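Notes for the one structure printed next.
The values are calculated or read from the model by the stated rules, or taken from the named source; none is laboratory data. If you're wondering where the values come from, they're calculated on a predicted model, not measured in any experiment. Please note: Cβ atoms are built from the backbone with ideal geometry, for glycine as well, and neighbour counts cover all protein chains shown.
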Amino acid sequence: MDTIASLFSFITTPVSWIIVQFHKLYGAIFGPDTGWAWGLSIVSLVVLIRICLIPLFVKQIKSTRNMQALQPKMKAIQERYKSDKQRQSEEMMKLYKETGTNPLSSCLPILAQSPFFFALYHVLSKIASGEKIGVLNQSLVDSAREAHIFGAPIAAKFMDSPEKVEALNASLTDVRIVTAVMIVLMSASQFFTQRQLMMKNVDLSVKTPYMQQQKMLMYIFPVIFAVMGINFPVGVLVYWLTTNVWTMGQQMYVINQNPTPGSKAQAHYLDRLLKSVTSHSEVRGRRRRNVVQAIVAKGSDRNDNERRFIAGLAKAGFAAQANGTVEKSTDATAEAEAAGGARRQQPKRQTKAQRQSAAAQQGAAKGDEASSEEPKTSLEKDAPQDAKPKPAGKSPSGAARQAKSGQRKGQQRSKHQSSKK
């Protein structure tokens, strides 16, 4: 880890300078040697970095959605050119170029944070050994070594030896309890963030291998953080726990305000939007108007959530316009009522016993019709044309039975006559 941290030593001076500036602010409030002053300095460093990374986070969200939408096409390309890897790569790059998708965009926030993360690790390691680094002079290093967060020095680790912890004026039990709690919170926040993304902000109508990979990462990432966390100083754990909580809150905001089309989050968002429109008779806010405008522009390509939203507007007597606004429409109300009436006129669902009884009745009726349409017998063909018609009161089934009995009697008389001859 020291080798990796040394690779990012070029940024240790800016990181140490930022920490010192925040330490001056919090030191004037809580005292320069307190854990609150140094701990809040690290938290403020995280907040500053994440604010600067908001554009990359937005790019990550867009890239993730584009990758989800492209999964069926990517799978088709892999199946089509599975024997030609070069052509497969070319078609993949062509697809990325046509859709403006960059597969690496989803990793940009993590890649951008990594230099600050390892620089902070390098700074805390030097503080633990009592060495100057960046703009941290010896007095600031000694002050940071004396700072404790809930009894654990900010430079102590879970795997440190008792002698090293005692040199930092702390007990090994306090250090391990504090670091264990932070590791659990760090892993839990990572798991909840990934689960929130998978359960609420994924288009459930698209089943792709990408979703299975995301589910695996949901369980793998927390385990990785837990294993790595035992080798992180308390200050680094504070940094990583803060950035996980920030990511969780930032993602929750994005899911609520700009959900993925076809996801559960979009269904909840459109329900809230429909209630707002029906209560205020207008679409409030430019962002909401942009959402309605995009739904109207889709036309027949709308998903189930968007179709329900348009139907709900029509039922309330509103019609969505191309500019994202809504207008009162009597035609929309009439169409919604007609659609509702058509749904109410549908027959009720029958039980299994009712379906079997109806099928038996239909089978009996078909059997009676088939019996009445049987071909006439030889005696019926030879019967005189002026024979008396049968009474209308008799049922077709009775006529069929008489025809069958006549046929049997005719055959017996023919045999009797031949024997006389």
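For the range 98-117, the tally of residues that are among the hydroxyl-bearing types (S, T, Y) and either more than 18 Å from N66 (Cβ to Cβ) or at pLDDT below 70 (or both) stands at 3. Looking at I29, I19, I49, I42 in this structure, which one is part of a helix (DSSP H, G or I) and surrounded by fewer than 18 Cβ atoms within 10 Å (Cβ to Cβ)? Of the residues listed, the single one that is part of a helix (DSSP H, G or I) and surrounded by fewer than 18 Cβ atoms within 10 Å (Cβ to Cβ) is I29. Of all the residues in the range 125-173, those that are under 43 Å from the mean Cα position of the chain (by Cα) and of a type in the set (D, E) number 1. Screening L124 on (1) over 20 Å from I230 (Cβ atoms); (2) buried (at least 17 other Cβ atoms within 10 Å of the Cβ) shows it passes everything except condition (1).
Residue count for the range 224-236 satisfying the condition of being over 15 Å from F116 (Cβ atoms) and either part of a helix (DSSP H, G or I) or without any contact (Cβ under 8 Å) to a residue 60 or more places away in the chain (or both): 7.
Restricting the first member to the range 192-204 and to residues that are modelled with pLDDT of 70 or more, and the second to residues that are part of a loop (DSSP other than H, G, I, E, B) and polar (S, T, N, Q), the beta-carbon pairs closer than 8 Å and six or more apart or on different chains are K200/S263.
One residue alone among T243, T260 is of a type in the set (S, T, N, Q), buried (at least 18 other Cβ atoms within 10 Å of the Cβ) and under 30 Å from V123 (Cα atoms), and that residue is T243.
Looking only at the range 128-137, residues that are modelled with pLDDT of 85 or more and touching a strand residue (DSSP E or B) at 6+ places or on another chain (Cβ under 7 Å) come to 0 in all.
Considering the range 88-97, the residues that are surrounded by 16 or more Cβ atoms within 10 Å (Cβ to Cβ) and in contact with a Lys or Arg (Cβ under 9 Å, 6 or more places away or on another chain) include one that is modelled with the lowest pLDDT, namely Q88.
Exactly one residue among I255, I220 is over 20 Å from L53 (Cα atoms), in a helix (DSSP H, G or I) and not aromatic (F, W, Y), and that residue is I220. In the range 278-296, the residue that is nearest to A319 (Cα to Cα) out of those that are without any contact (Cβ under 8 Å) to a residue 24 or more places away in the chain and of a type in the set (D, E, K, R) is R284. Here F118 clears all of (1) closer than 25 Å to L53 by Cβ; (2) surrounded by fewer than 20 Cβ atoms within 10 Å (Cβ to Cβ) except the condition numbered (2).
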